[in-house]
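The values are calculated or read from the model by the stated rules, or taken from the named source; none is laboratory data. Predicted, not measured: the structure shown is a model, and the values here were computed from it. With ideal geometry, Cβ positions are generated from the backbone for all residues, glycine too; neighbour counts draw on all protein chains shown. Note: accessible area is taken over every heavy atom of the protein model, side chains too, but ligands, DNA and RNA are not part of it. Shrake-Rupley method; radii C 1.70, N 1.55, O 1.52, S 1.80 Å.
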Amino acid sequence: MTAAALRVGRDPGTVRLVAVSKKVPLERLQEAVDAGQRLFGENYLQEALEKINRLPPDISWHFIGHLQTNKAKLAASCFQAIETIDRLKLARTLDRHLMDLDRAMSVLIQVNIGREPQKSGVLPEEAEELLRGMADCSNLRVKGLMAMPPYFDDPEAARPFFRQLRHLAAELANKGLLGGHGPIELSMGMSGDFEVAIEEGATLVRVGTALFGPRP
Ligand SMILES: *Cc1c(COP(=O)(O)O)cnc(C)c1O
């Protein structure tokens, strides 16, 4: 990660590692915690809750899976950030529960940057409308965008998608729709392509397999 940041003249301190721990047993997470890792990403709510309850309280948890609206209340109470906001109904419901809890939460908009029918996320041209709709969600801190490009064996093939996400974020910031809550976050890059993602501006890389080995 550091090498990739330095290659393009970025401060390595501006890129954070989200250790993606879905399906990884608690003991392996504990090893990562012992090694100093304090930021984890989970895809499944029930699984995440068990881990959150059993690991130290100074860990940040990002939700990176598909969030059903009827689970928003539970998610509101136990994550530091939700990276997968992709519809207004979910944003509004989450905001309402956060208000009840008197709590603010960082969120990212998930963008279906490769326009893949099987993937969640708004299409790039729909991000603006979603953000405008979320303007009155006062308990949500919209930090930036998250995306998962199509899978390629050659990580270079993902580069144009990472670049598109960065350009989209800049465009939305120009319209005053992003950047109101500190530096803009771009969550992009996984085990196979996080270096390319960092070269293209990722501030959060979500890495599972490269840290924990293949999932069961
Ligand atoms: C599983 C997952 C990852 C991590 O993938 P690896 O290839 O194991 O690094 C990253 N992001 C999301 C949204 C995931 O579901």
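Quick notes
- Flag for residue 186 being within 14 Å of the ligand (Cβ to nearest atom) and either open to solvent by less than 70 Å² (accessible area, probe 1.4 Å) or touching a residue at least 60 places away in the same chain (Cβ under 8 Å) (or both): yes
- When residues in segment 60-92 are screened for being closer than 18 Å to residue 127 by Cα and of a type in the set (Ser, Thr, Tyr), 1 of them pass.
- With respect to the conditions (1) in contact with a helix residue (DSSP H, G or I) (Cβ under 6 Å, 6 or more places away or on another chain); (2) within 15 Å of the ligand (Cβ to nearest atom); (3) under 20 Å from residue 63 (Cα atoms), residue 140 lacks only one, and its number is (2).
- Members of segment 197-216 found to be within 19 Å of residue 160 (Cβ to Cβ), open to solvent by 20 Å² or more (accessible area, probe 1.4 Å) and either free of Cβ contacts under 8 Å to residues at least 24 places away in the same chain or within 12 Å of the ligand (Cβ to nearest atom) (or both), listed by number: none
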